[in-house]
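The values are calculated or read from the model by the stated rules, or taken from the named source; none is laboratory data. Here the structure is a predicted model, which is why all the values come from computation and not from measurement. With ideal geometry, Cβ positions are generated from the backbone for all residues, glycine too; neighbour counts draw on all protein chains shown.
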Amino acid sequence: MEQQQAKGSFLMRLLLSVSFVSASLVPLTTYAADGVLKGRVTDKTDGEGVVGASVVIPGTNFSTATDINGNFVIKNVPAKQQKVSVSIIGYAPVTQIVNLGDGQTATINFALGQTTIMASEVVVGASLYKQDRLAVPVTANVVSKEKMKEQANPTLDKVLESVPGVVMTRAGGQTASSMQIRGSNTFQGGGIGLRVNAFYDGFPINAPQSGEIVWQTTSLNSADRVEVLKGAAATLYGSGAMGGVVNVTGHLAQKQEVVAGVSVGFYDAPPSGDQSHYRKDYTPIFKSAYAGLGNKNGKWSYSLLYTHNDDDGYRKNLQYYMNDIKYKVRYDIDSTQYLQLSSFYTESSGGYQYQWPDALHPYDAFSAKYTVAKTIRKNALAGLNYVKLFNDNVTLDTRVYYTHNGSRNVFPTSSTFNETYSDRVGVGTKLDWRLNDNHRLLMGVDANYVKATSSLLFSTDSSYHEKPERNFSAFLQDEWKITDKLTSLASLRYDWSGVGADIVKYNQITSVFAPGIPSTVEVKNKAVDAISPRVALNYKAQDDLSFRASWGRSFRAPSIYERFVTDAGGYGAVYPNGDLNKETMTAYELGMFKQFTDKVSVDVAGFINDYNDLIESVQIGTYGYYSGTAPIFQYKNLAKARIWGIETSVNIRPSDTVNLNLSYTYLNAKNKALGSTYTPGTFAYITNYANPDPAWLPYRPEHSASASVTWKATKSLGLNVNGRYIGKYKNISSSTNVLGAGYPGDYVLFNVGAKYQINKNISASVGCNNIGNVQYEEVVNFRSAGRSYVAGIDLTY
């Protein structure tokens with residue numbers, strides 16, 4: 001064990017060393033210049049400078065951001081005619097042409113007109129290159145840095161929970177969590193089998209052995225944007241992306257900067273009727289702090305940021321702390337090529353949370369024996385990109401990356417649920433080739449090798465064993481501009497995935513099977529492959545109206561956890577399934593985006609997702625567990641399932657100072673082969689048919705909605721209110737009853753916040769989350785957080 005801790009510490013020291021060495025070297029870089037572009041970006045309405053606008057020369061490495069007064073400077077620009085583009089969320093993008101002479105300084109100014117946030121979004125993930133909202137052939141959402149900074153300490157789960165069609169399901173603290181896009185996922189401990197791929201600067205960050213992302217401990221203090229791509233994205237992003245993709249873009253400084261911030265908050269007391277012992281005469285607090293620096297000087301750009309979170313926990317044994325360091329550096333070799341390193345190291349430790357003892361004591365632990373149980377996590381990424389622009393039409397992007405994902409569970413009693421970690425090494429390349437005005441090709445390959453080491457997955461005596469997993473893919477995409485208004489996006493991807501294991505051994509521990517008898521399961525389908533096609537159309541009927549349609553197939557290989565996991569910690573047992581096969585999905589979507597002047601924009605999408613061999617956890621029995629019983633689960637392939645729905649988003653800007661967002665999603669998620677899924681009389685059959693709707697897929701809400709309002713009350717003061725609604729679940733995987741009593745969901749939450757810009761360097765914020773102190777659950781028998789208050793200060797120099 002000491003070896004793994006030392007390994008994590010080494011990674012931390014390595015990142016810190018590289019960070020400070022490169023930071024000290026940056027100011028020393030100098031070189032000759034060709035020409036200089038400078039200017040100012042202003043608001044067309046009042047003439048005030050627009051801060052933070054992106055100023056780029058398309059097809060080159062030259063870019064910058066405007067300062068507090070809207071000014072910008074780009075040095076060392078080749079002397080010729082250049083196209084300069086400016087964009088920022090909330091304004092319509094603008095492009096101008098300028099002629100730059102050798103050794104000259106050219107001045108170019110931009111006046112931006114305000115528009116709705118949706119209309120100003122630039123989407124990257126849909127095709128792996130930039131497209132404006134009206135040209136995107138699939139549904140995507142972008143969360144800007146300004147939106148994230150409305151929170152004192154933004155985390156990925158809080159940012160995503162207000163995105164239309166996204167539902168977060170959390171057991172509390174830094175323990176198990178899951179995310180679904182359009183019903184893609186049920187809740188499964190450890191985030192196992194996630195059908196959403198997550199990326200940081202384009203590098204994968206899901207734990208390869210399970211698919212898990214601990215969304216609530218993913219800090220976004222060093223993020224510039226988060227993009228959510230919905231629907232069958234496997235044609236570009238591979239196995240696991242059948243539900244969608246989340247891509248976080250890390251911050252890279254465009255000028256010299258020093259940032260810091262601190263926030264402190266506390267959890268309010270539960271209602272007077274609560275009988276929990278944990279909150280008697282005790283107020284848990286939470287706090288966070290961050291500090292960082294960055295610079296752009298000559299050919300070098302870098303950003304370094306450290307974040308620390310510390311939380312007492314709103315429930316018993318939910319305390320945790322987290323340390324996170326993110327480092328990003330870029331070196332422009334010349335105007336046509338650059339190297340960029342994206343990296344982070346995150347370490348967290350916190351209580352391992354068990355279900356409540358009963359509904360009268362929802363803030364207490366299941367048993368006092370487990371008040372010292374905890375989970376320790378270590379996650380790291382180091383990804384290097386080399387990008388070469390051969391000319392205005394051809395770009396090559398090659399990358400190599402390493403990820404580490406590890407978790408260790410510490411219990412007061414003996415348990416095989418101990419430690420699992422994985423190391424992944426990958427390499428990939430993609431070529432972006434604009435053949436002519438009508439065709440743009442994107443092609444690439446990617447391969448990675450995973451070594452999973454565990455005392456949980458591959459043995460019966462808690463000894464460490466390791467198994468490899470290998471993955472390879474190749475893809476081709478063609479964007480075809482059929483007419484001035486009609487564009488198609490056709491893509492094809494081949495994936496192969498194989499695990500290096502023939503059998504799995506485990507001990508049967510319950511009365512459902514003969515107790516104590518060792519079992520051996522043959523691993524079938526050790527290698528799976530799939531061809532994933534997609535065709536998407538975008539018809540731009542008018543300058544402010546576009547229609548889109550898409551069809552695609554995607555797949556997901558069973559994860560190592562789904563094949564081999566044998567223990568669910570304190571919540572039950574899992575029996576391996578050597579028969580698991582890949583799951584596939586066929587997706588259909590029709591959508592429309594309409595902008596009504598610069599005040600209102602609407603996006604509507606209808607979708608159908610047909611699953612074959614859907615992998616879900618099914619409760620197959622119980623076993624004696626101290627004074628009660630605990631469930632036994634097994635991952636199985638369900639024959640067929642269909643999820644269809646309608647998703648709507650409305651963005652309204654009634655005035656220059658007010659912005660309103662509304663969204664609603666209707667979801668219909670059904671098991672289409674219910675009769676063949678469950679055998680009458682079995683425990684799985686009895687458990688499922690005790691649900692209000694046995695055919696409904698577990699943990700998929702039929703109705704969900706969100707709303708937010710931001711008001712720029714003065715030039716210095718901003719106010720925001722946001723809320724979300726999750727309908728009551730019709731089906732869950734354990735603790736079922738035909739009336740749905742005590743089921744998660746059926747809640748409305750509102751949060752309020754205010755941010756005041758004291759001066760150009762200092763801002764202060766206050767907020768109240770769950771202002772109604774609503775008592776609710778996202779997972780059955782796991783109480784979610786009630787009302788909390790937080791205040792923070794941010795410094796920027």
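Quick one: which strands (runs of 3 or more DSSP E) sit completely within segment 372-450 and have at least 3 residues that are surrounded by 20 or more Cβ atoms within 10 Å (Cβ to Cβ) and of a type in the set (Gly, Ala, Ser)?
374-389
Which one of these does residue 759 not meet: (1) surrounded by fewer than 21 Cβ atoms within 10 Å (Cβ to Cβ); (2) modelled with pLDDT of 95 or more; (3) more than 20 Å from residue 359 (Cα to Cα); (4) not aliphatic (A, V, I, L, M)?
(2)
Each row is one residue, and each column tells you yes or no for (1) among the aliphatic types (A, V, I, L, M); (2) in contact with a Pro (Cβ under 8 Å, 6 or more places away or on another chain); (3) assigned by TED's automatic domain parsing to the domain that holds residue 704.
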| residue | (1), (2), (3) |
| --- | --- |
| 622 | no, yes, yes |
| 633 | no, no, yes |
| 636 | no, no, yes |
| 640 | no, no, yes |
| 647 | no, yes, yes |
| 654 | no, no, yes |
| 657 | no, no, yes |
| 660 | yes, yes, yes |
| 669 | yes, no, yes |
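Any chance you could count how many residues in segment 71-91 are at pLDDT 85 or above, over 18 Å from residue 297 (Cβ atoms) and either buried (at least 20 other Cβ atoms within 10 Å of the Cβ) or assigned by TED's automatic domain parsing to the domain that holds residue 598 (or both)?
Selection size over segment 71-91: 3.
So is residue 710 of a type outside the set (A, V, I, L, M, F, W, C), in contact with a helix residue (DSSP H, G or I) (Cβ under 9 Å, 6 or more places away or on another chain), farther than 27 Å from residue 669 by Cβ and crowded, with 19+ Cβ neighbours inside 10 Å or not?
yes
Step by step: first the residues of segment 228-261, then only those that are part of a helix (DSSP H, G or I) and not hydrophobic (A, V, I, L, M, F, W, C), then the one that is modelled with the highest pLDDT. Which residue is that?
Checking each candidate, the answer is 237.
Test residue 729 against the criterion of being without any contact (Cβ under 8 Å) to a residue 60 or more places away in the chain, closer than 30 Å to residue 630 by Cβ, crowded, with 21+ Cβ neighbours inside 10 Å and under 26 Å from the mean Cα position of the chain (by Cα), and give yes or no.
yes
Could you tell me how many of the residues in segment 188-220 are hydrophobic (A, V, I, L, M, F, W, C), touching a Phe, Trp or Tyr at 6+ places or on another chain (Cβ under 6 Å) and part of a loop (DSSP other than H, G, I, E, B)? Reasoning before the result, please.
Kept after step one, since they are hydrophobic (A, V, I, L, M, F, W, C), are these residues of segment 188-220: 192, 194, 196, 198-199, 203, 205, 207, 213-215, 220.
With touching a Phe, Trp or Tyr at 6+ places or on another chain (Cβ under 6 Å) added as a condition, the list becomes 192, 203.
Going one step further and asking which of them are part of a loop (DSSP other than H, G, I, E, B), we end up with 192.
So the answer is 1.
Of 588, 626, which residue is surrounded by fewer than 17 Cβ atoms within 10 Å (Cβ to Cβ), at pLDDT below 90 and among the aromatic types (Phe, Trp, Tyr)?
Answer to the check: 626.
Just to be sure I understand the filter: pairs with C-beta atoms under 6 Å, separated by 6 or more residues or on different chains, first member in segment 669-681 and of a type in the set (Lys, Arg), second member at pLDDT 85 or above. Which pairs pass?
Taking only residues 6 or more apart or on different chains, the pairs are 670/642; 670/695; 672/640; 672/641; 672/642.
Applying the selection to segment 452-475, what residues are touching a Lys or Arg at 6+ places or on another chain (Cβ under 8 Å) and without any contact (Cβ under 8 Å) to a residue 40 or more places away in the chain?
466, 468, 474
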